[in-house]
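One structure below.
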Amino acid sequence: LGQGQFGKVFEGQNTRDGGKPVAIKQVDTRHLDPYMKQLMTNEIEILKSVAHPNIVNFIDLIQENSTMYIVTQFCAPGDPTDKLPHK
């Protein structure tokens with residue numbers, strides 16, 4: 001789905017929820033300095049604690065060696081500003 005400075009985002013399927021699509025953010029933590037690691041930890045904790053229809057839902061965190069996979073609700077590609085009401 002996309003690629004950023006610290007990882008890639010893939011589309012997957014939630015096998016625990018009938019195969020619904022999910023977004024999987026893959027991050028190689030070897031390339032993160034301590035500050036960026038703390039930002040990732042903060043992002044995960046915030047996602048875990050927030051439940052709102054306008055915020056992507058956190059589903060799971062999987063860690064394997066130096067790779068972290070953050071699994072969240074899948075949002076269809078496009079520009080989110082297209083969804084905002086226009087004045």
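No lab work stands behind these numbers, since they all come straight from the coordinates. Because the structure is a prediction, the values reported are computed rather than measured. Here Cβ is always computed from backbone atoms with ideal geometry, including for glycine, and neighbour counts include all displayed protein chains.
A few comments on the model shown:
- Verdict on residue 27 being surrounded by 14 or more Cβ atoms within 10 Å (Cβ to Cβ), in contact (Cβ under 8 Å) with a residue 40 or more places away in the chain and touching a helix residue (DSSP H, G or I) at 6+ places or on another chain (Cβ under 7 Å): yes
- Residues in the range 62-74 that are surrounded by fewer than 13 Cβ atoms within 10 Å (Cβ to Cβ) and not polar (S, T, N, Q) were compared, and the one that is nearest to residue 13 (Cα to Cα) is 62.
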